[in-house]
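**Student:** Below is one structure. I have some questions about it.
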Amino acid sequence: MIGCEQGRVISWLVDTSLALLTAVIFLAVYLAAAVVLAVLYLARRSGHAAALGPLSPGLLSPLGLIFGLLVGFLVADVWSDRAQAATSVSQEASALRDVDLLSSAFPAERPEIRQLLRDQIDEYVTTEWPQMADGRATLSLAPALLVQIRGIVLGLPIQTDGQRVAQDRLETSIDRALEARRTRLVLSASAIDPLRLTALYLVAVTTLAAMGCVQADRLRRAATALALLATAMAIALTLLVAQGAPFTGYYAIDPGHLLEVRP
């Protein structure tokens, strides 16, 4: 149940506007810093400040390293998925463009093939892209119009060696387009794991607490240090979450390449 709630929160964060996403993350990190500062202040007022510090500054090094490694691993996964998704869209567009160009070897069938290509790309843009953004895209349904083009290609009348070569390359291009589409749909379901993002936030809070304890004897200096550290952490978290899903949010990959090759 908790995992489902976390998943809905992450989906909302990724799909929201960049301004609101930034505000939410900065508020969450600054709130953690404020709580740390409030605890230090109350401990000092109650005479228990010695129990919290000042601690050795060497404590910050391993905690900062853990936070940096977690951010690095998550960013590497996110950017890898985005790069593969962008490549799949480019490859799909290139394959569909090849289908359009190669169909010129068959003047009689070319108008029908071009119309089917046009309608298929329109369906991708108007139907599949919103489904990918919502995480509802599925591999269970094949692109009917592209499958219809394959049927036409397989039944083309071959009269010259050039047409035979063109037919073979048409089949290869259609297979490339179908494979790129499968990759695109699979990657549309990739997103930041809520558990890993929660763990990253908890490590950030722990690091803020350590920073506060290192400066426990100087509250003003502690406030400045916490503000600087919290700002850096919030920037890193914002960048990570904003690109958390390839086809969702402010940095979503659009179907521009497909529209460019639309006949």
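The values are calculated or read from the model by the stated rules, or taken from the named source; none is laboratory data. The structure presented is a predicted model; accordingly, all values stated were derived computationally and were not measured. Note that we place each Cβ from the backbone using ideal geometry, even for glycine, and neighbour counts take in every protein chain shown. Accessible surface areas use protein heavy atoms only, side chains included; no ligands, DNA or RNA. Shrake-Rupley method; radii C 1.70, N 1.55, O 1.52, S 1.80 Å.
**Student:** Points 7 angstrom from Cα along the Cβ direction at R110 and I66: gap in nanometres?
**Tutor:** 6.6
**Student:** What trypsin sites (Lys or Arg not before Pro) in segment 197-230 are in a loop by DSSP, with at most 16 other Cβ atoms within 10 Å of the Cβ?
**Tutor:** Within segment 197-230, the qualifying trypsin sites (Lys or Arg not before Pro) (loop, at most 16 other Cβ atoms within 10 Å) are R218.
**Student:** Not counting ligands, DNA or RNA, and with a 1.4 Å probe, what is R110's accessible surface area in Å² rounded to the nearest 10?
**Tutor:** 70
**Student:** Over segment 171-238, what lengths in whole Å, largest first, do the semi-axes of the equivalent ellipsoid take, defined as the square roots of 5 times the eigenvalues of the alpha-carbon gyration tensor?
**Tutor:** 47, 11, 6
**Student:** How far apart, in nm, are the 7 Å Cα→Cβ label points at I158 and R220?
**Tutor:** Output for this residue pair reads 8.6 nm.
**Student:** Then there's this: Counting only protein heavy atoms and using a 1.4 Å probe, what share of the accessible area of segment 198-263 belongs to carbon plus sulfur, as a whole percent?
**Tutor:** Taking all protein chains in place, segment 198-263 shows 63 percent carbon and sulfur surface.
**Student:** Where Lys and Arg each count +1 and Asp and Glu each count -1, what net charge lies around L40 among other residues with Cβ under 12 Å from its Cβ?
**Tutor:** Net charge in that neighbourhood comes out at +4.
**Student:** Normalising by the residue count of the chain, find the relative contact order in percent from Cα pairs under 8 Å and 6+ residues apart.
**Tutor:** 43
**Student:** How tilted is helix 219-242 with respect to the longest principal axis of the chain? Cα atoms for both, answer in degrees (0 to 90, nearest 10).
**Tutor:** It works out to around 10 degrees.
**Student:** Ignoring ligands, DNA and RNA, please state the percent of accessible area on segment 66-182 from carbon and sulfur, probe 1.4 Å.
**Tutor:** Result for segment 66-182: 55 percent of the exposed heavy-atom area is carbon or sulfur.
**Student:** On to the next question. For every other residue with a beta carbon closer than 15 angstrom to the beta carbon of T183, add +1 if it is Lys or Arg and -1 if Asp or Glu, then tell me the sum.
**Tutor:** 0
**Student:** To continue, here is another question. Rolling a 1.4 angstrom probe over the protein heavy atoms, how many square angstrom per residue are accessible across the chain?
**Tutor:** 52
**Student:** Per residue of segment 153-168, in order, report the coupling 6.51 cos²θ - 1.76 cosθ + 1.60 (Karplus, θ = phi - 60°) as ³J(HN,Hα) in whole Hz, putting x for Gly and Pro.
**Tutor:** Once rounded to whole Hz, the list reads 4, 5, x, 5, x, 9, 10, 9, 5, x, 5, 5, 5, 4, 5, 4.
**Student:** Run the helix sum for the chain: -39,500 (n - 2.57) per DSSP H stretch of 4+ residues, divided by residue count, reported at 222 nm to the nearest 500 deg cm²/dmol.
**Tutor:** Calculated mean residue ellipticity at 222 nm is -25000 deg cm²/dmol.
**Student:** Mind checking which of A230, T160, F106 is farthest towards the positive end of the chain's charge dipole, using Cβ charges of +1 (Lys, Arg) and -1 (Asp, Glu) about the Cα centre?
**Tutor:** With unit charges placed on the Cβ atoms, the residue in question is A230.
**Student:** Give me a comma-separated list of calculated 3J(HN,Hα) values for segment 244-261, in order, Karplus coefficients 6.51, -1.76, 1.60 applied at θ = phi - 60°, integers in Hz, x for any Gly or Pro.
**Tutor:** With coefficients 6.51, -1.76 and 1.60, one gets x, 9, x, 10, 9, x, 4, 9, 4, 6, 9, x, x, 5, 5, 5, 5, 9 Hz.
**Student:** Mind giving me the FRET efficiency for E123 and R196? R0 is 41 Å, r the Cβ-Cβ distance, nearest 0.05 is fine.
**Tutor:** 0.70
**Student:** Work out the length of the dipole vector of the chain about its Cα centre, built from +1 on the beta-carbon of each Lys and Arg and -1 on the beta-carbon of each Asp and Glu, and round it to the nearest 20 debye.
**Tutor:** 1220
**Student:** In Å³ and rounded to a whole number, note down the convex hull volume per residue for the Cα atoms of the chain.
**Tutor:** In the chain, the Cα hull volume divided by residue count equals 127 Å³.
**Student:** Using the Cα atoms as the points, what is the convex hull volume per residue of segment 121-263 in Å³?
**Tutor:** Roughly 136 Å³ of hull volume per residue.
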